[in-house]
Amino acid sequence: MSETVTLTIDGQEVTVPEGTTILDAAKTIDIDIPVICYHEHLTGNGLCRVCSVDSGGRVQSAACVTQCGQGMEVDTQSEDVKRGRRTILEMLASTVDLSEAPEIQEMMDELDADAQRFPEGSKAREHEIMDDNPFYLRDYNQCVNCWRCVQVCAEDAQYTFALSFNGRGFDTSIATYQDNGMMDTSCVFCGQCVGVCPTGALKPKRQAMLEEGYDPDSIFEATRRKRKNKS
Amino acid sequence: MSHNGRPDFIEIASIEPKVDLSLFQSYLNEVGSRGRQMLLPALHKAQELYGWCPREVQEAISLALHVPLADIHGVIEFYTMFYNEPTAKQVIRVCEDPACTLGGADAVIAAMQDKLGLQHGETAADRSITFEKVPCLGMCELAPVALNGDKPAAHLTADNVDAFLDGSHPEPVAQPYGEVRHLLKRVGKVDPLSYGDYVANDGYIGLDKALELSPEDLISTVESFGILGRGGAMFPLGRKWLFTRGAPGDASEKHIVVNADESEPGTFKDRCLMEEDPFALIEAMTIASYGVGAENGWIFVRGEYPRSFARLQNAVDKARDAGKLGKDINGKKGFNFDIEVRLGAGAYICGEETALFEAIEGKRGFPRIKPPFPTTHGLFYKPTSANNVETLVAMLHAINMGVDAWRGYGTEQSPGTKLYCVSGNVEKPGIYELPFGATGRELLAMAGGVSNGKALKGVLMGGAAGVFVDDSKLDYPLTYEGSREGGFPLGSGVFMVFDEDADIARAMYELSRFFAHESCGKCFPCQLGSQRQMEIMERVAFPEKETATGQGVMATDKQILLDVGFTMTETSLCGLGQTAGSAVLSAIELWPDLVKSKK
Ligand SMILES: Cc1cc2nc3c(=O)[nH]c(=O)nc-3n(C[C@H](O)[C@H](O)[C@H](O)COP(=O)(O)O)c2cc1C
Ligand code: SF4
Ligand code: SF4
Ligand code: FES
Ligand code: FES
């Protein structure tokens, strides 16, 4: 039998098994905390921080990776919590093309976040759209750096290790070895990265072509499995 | 394409010569069996041979160390001192951060660019030399400074740039100051390369004393010293040892890690200790290993400290020859401990202890989520006591002098002595040792006051991650309790002085540029916020300049700075982001007119 802890979230008392995250505890009492990087089946890196809540610590805590403590008093809706979330989303909107990320847009509406808060010329993600394999497109203008694709490609699922990063800080972007096209990496086209991408950054080619109005025959021609040329 | 921290390269006309892998291959054969943790050393070795990391080299490393190619790429991309594109073996790195700016770095940089005909990040066409402007080099007391390859240079001017470039400019020598000499007692007095000199000057007395105690009694003794971590987080040293000792695991799988990444702008105390008294750190670590019960020692030195690295490596080798490292140390059966010195490669974030572990493990320096804490899950996820250089050296001197003498200095809550890094507009910048409890005003007076008889505008306390204070805070005692009351951090002991004519906005811009450059990019608030903060501060500091986001201060800037600063502080994943807005926010509070729209 595992131990339990009792805490309050937005004034509501809840008892959960020790080791439960604040995010999961909140779910049990129907309190929704916004998330971007969190994914049920992947290692939690706690990096988007939009799930930040006030749990009485020195600074706010990321609900998706912070475990509940006995007697903790969690506030998921304070003005400070909203101020942080709103600012993160405003900065994100000034950086990334969120047009195909409806969930993030919804979060912004809810918090009254202003997508135009930062002046024109603020540095944004600018990348060429990469169409280098028959299966999916990579449009890193839409990438929020949630790391999900890197993780499923590595220890979280596939152990293929085709993806890593360029740069650091603001200039961090998902990259392959020497920026090679996907056909020249260890990628096995399992499609898991496309499946977990929360934005339109990774998109099945079929879907992209349908959106652009191609007919099924030409889509089949463009996306059928071609033999990798081994020279 | 140019990435953050990656230089842009000018066209190199010649076809790349074929890379001769033979020399490198023999190195890889030697270290290959140790796997991924040898990645940073292997990349350093490759650059020593080739100047950069060509494709063939990366592929050979991948095979030898079993590291995926994408990961090697990611690691090279992360560390600013590793190069994915052709670079000269001789790299000039000149500091462009606040202490050096106050000391006249602008003129030095202009003269160098002129002489070399190169801008930041460029390599000469014959590939003889590369030029870079870099963040604080940890030699702020000697400002303005630069590195010519491995050779440090102090007090540069437009007139001695030639000597600097041809290597004839003398290397700086140590000059300690202060009221007492304990941590600094050997600094400038002994030959840092000589084991004999160390022993002749009270070296290895502390180890003898420690080994007379049981490890448990040693830990209680260390707890009685009341030493809090000098790296900034102020965790009690004795507790950390106790927790690591108590964590499950055998001594053969536990670690003593020394954090010698010292990259906080304004900080140079650890460099002084490592360069001038390297054996003291080795002895202190050996005592730590006995107390904790950990057989593996590591020192992670920032890549910009080649002198510290070489002197520590020398000290480790000589201590081993003398039977002070290795098996059955001091003749004590079963007491085994050895040390590996590791070199960083340009990343302030690797001073964050978990990012430091990742770097030793051969990865990008991303901080981990805490808990779990290093005392149970540290280096290689094994129990680890990670400490700052000064913390351990303070412990050594406390053991040498005994608890009563140590506690005879300082206050009840802040016993002993502390090192301060005084730089900027003062008469005698340098490293100062003072008992806890002296005031900022006393420290300033000891340093000869503001230079040229000018009035004081403010002091940056605690480093880039600290706060600006003005004259009104100078009478608080420099103790943990006094600084808490005064609302400033002691941090890494930074005391950077700005005179009445100093350009604070420029300093704020440089600090925000530092954080934007050094953010690891893992979490959103810091990755995005550090960039936005810098963009605004650029307009504030250079009102005449046409920047990407426009010219001059905008009506919305102040509120944005406050929101971004708040958000980084409150929601960032690690200490870097949590303090990236600190100096800017403190300056806005002190001098509200700094960020004022003219419109
Ligand atoms: C961004 C960042 C940089 C840091 N840099 C250093 C450093 O250069 N040296 C250091 O000792 N501690 C540094 N720290 C603090 C370490 O994480 C850690 O707390 C410290 O090494 C513990 O040693 P101590 O208890 O002896 O202070 C840094 C922390 C952060 C967040
Ligand atoms: S490509 Fe998609 S999954 Fe990968 S980091 Fe970007 S947003 Fe996340
Ligand atoms: S706060 Fe900054 S340095 Fe720390 S994890 Fe986040 S992005 Fe990286
Ligand atoms: S959802 Fe918690 S940090 Fe991203
Ligand atoms: S060495 Fe230049 S600011 Fe520190």
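Just how large is the dipole of the range B:404-521 about the Cα centre, in debye to the nearest 20, putting +1 at every Lys and Arg Cβ and -1 at every Asp and Glu Cβ?
Using Cβ point charges on Lys, Arg, Asp and Glu, the range B:404-521 gives about 160 debye.
How big is D for the protein assembly as shown, in µm² s⁻¹ as a whole number, if Stokes-Einstein is applied with the Kirkwood radius of its Cα pairs at 10 °C and 1.306 mPa s?
Values: Rh = 28.1 Å.
In µm²/s, the coefficient is 57.
In deg cm²/dmol and to the nearest 500, what is the mean residue ellipticity at 222 nm of chain A if only DSSP H runs of at least 4 residues count, each as -39500 (n - 2.57), divided by the residue total?
Helix contribution divided over all residues of chain A: -6500 deg cm²/dmol.
Please report the net charge: other residues with Cβ closer than 9 Å to the Cβ of B:Gly226, K and R +1, D and E -1.
For residues surrounding B:Gly226, the net value is -1.
What percent does the relative contact order of chain A come to when contacts are Cα pairs within less than 8 Å and at least six residues apart?
15 percent
Sort by residue number and report every cysteine in chain B with no other cysteine beta carbon within a distance under 4.7 Å.
Within chain B, the cysteines lacking a partner Cβ under 4.7 Å are B:Cys53, B:Cys136, B:Cys140, B:Cys272, B:Cys350, B:Cys421, B:Cys520, B:Cys523, B:Cys526, B:Cys574.
Taking the Cβ of B:Tyr27 as the centre, find all other residues whose Cβ is under 10 Å away and add up their charges (Lys, Arg: +1; Asp, Glu: -1). Walk me through the numbers on the way to the answer.
Numbers: positive: B:Lys45; negative: B:Glu30, B:Glu48.
Spelling it out: positives minus negatives among the neighbours equals -1.
Using a Cα-Cα cut-off of under 30 Å, which lysines could be cross-linked to B:Lys332, ignoring same-chain neighbours fewer than 8 residues away?
B:Lys185, B:Lys209, B:Lys240, B:Lys254, B:Lys318, B:Lys324, B:Lys382
Could you bin all the Cα-Cα distances of the range A:136-229 into 10 Å bins starting at 0 and give me the percent of pairs in each, rounded to whole numbers?
That works out to 15, 45, 32, 7, 0, in percent per bin.
With the crude spin-label approximation of a point 7 Å out along Cα→Cβ, what separation in nm comes out for B:Ser472 versus A:Gln67?
4.5 nm
Report the net charge of residues surrounding B:Leu193, where surrounding means a beta-carbon distance below 10 angstrom and charges are Lys +1, Arg +1, Asp -1, Glu -1.
0
Mind checking the range A:123-162 for chymotrypsin sites (Phe, Trp or Tyr not before Pro) that DSSP puts in a loop (not H, G, I, E or B) and that have at most 13 other Cβ atoms within 10 Å?
A:Tyr159
Under a no-solvent Debye model with one identical scatterer per Cα of the range B:277-339, what's log10 I(q)/I(0) at q = 0.12, 0.27, 0.30 Å⁻¹?
So the normalised log intensities work out to -0.28, -1.17, -1.35.
P(r) for the range B:504-595, please, calculated from all Cα pair distances in 5 Å bins and given in %.
Once binned at 5 Å, the Cα pair distances of the range B:504-595 give 3, 16, 28, 26, 17, 8, 2, 0.
Give the Rg/Rh ratio for the range B:408-499, taking Rg as the radius of gyration of the Cα atoms and Rh as the Kirkwood radius, to two decimals.
On the Cα set of the range B:408-499, Rg over Rh gives 0.94.
Give the cross-link partners of B:Lys596 among the lysines, using a straight C-alpha distance below 20 Å as the criterion and excluding same-chain residues fewer than 8 apart.
B:Lys457, B:Lys545, B:Lys558
Report, in whole Å, the centroid distance computed from the Cα atoms of the range B:497-541 and the range A:78-105.
Each part's Cα centre sits 22 Å from the other's.
Could you pull the Rg and Dmax for the range B:177-406, using just the Cα atoms, both in Å?
Using the Cα atoms of the range B:177-406, the pair Rg, Dmax is 16.1, 45 Å.
Is there a pair in A:Lys27/A:Lys205; B:Lys418/B:Lys473; A:Lys123/B:Lys133 whose C-alpha atoms are over 25 Å apart, and which pairs would that be? Numbers along the way, then the final one.
Details: A:Lys27/A:Lys205 35 Å; B:Lys418/B:Lys473 19 Å; A:Lys123/B:Lys133 21 Å.
Over 25 Å Cα-Cα: A:Lys27/A:Lys205.
Set the bar at 23 Å for Cα to Cα. Now go through B:Lys151/B:Lys269; B:Lys18/B:Lys45; B:Lys370/B:Lys522 and name every pair that lies beyond it.
Pairs exceeding the cut-off: none.
Using Stokes-Einstein with the Kirkwood hydrodynamic radius over Cα pairs, what translational diffusion coefficient do you get for chain A at 25 °C and a viscosity of 0.890 mPa s, in µm²/s rounded to a whole number?
Details: Rh = 19.7 Å.
Translational diffusion coefficient: 124 µm²/s.
Of B:Val67, A:Thr28, B:Gly206, which is farthest on the positive side of the dipole of the protein assembly as shown, counting Cα position, with +1 on Lys and Arg Cβ, -1 on Asp and Glu Cβ, and the Cα centre as origin?
The one lying farthest along the dipole's positive direction is B:Gly206.
Which one, B:His182, A:Phe165, A:Thr43, is farthest towards the positive end of the dipole of the protein assembly as shown when Lys and Arg carry +1 and Asp and Glu -1 on their Cβ?
Farthest along the dipole direction, towards plus: B:His182.
Over chain B, what is the mean sequence separation of C-alpha contacts under 8 Å (at least six apart), divided by residue count, expressed as relative contact order in percent?
13 percent
Every number in this text was worked out from the coordinates using simple rules, so none of it is lab data. Just so you know, these numbers come straight off a predicted model, no measurement behind them. Every residue, glycine among them, receives a Cβ derived from its backbone with ideal geometry; neighbour counts consider all protein chains shown.
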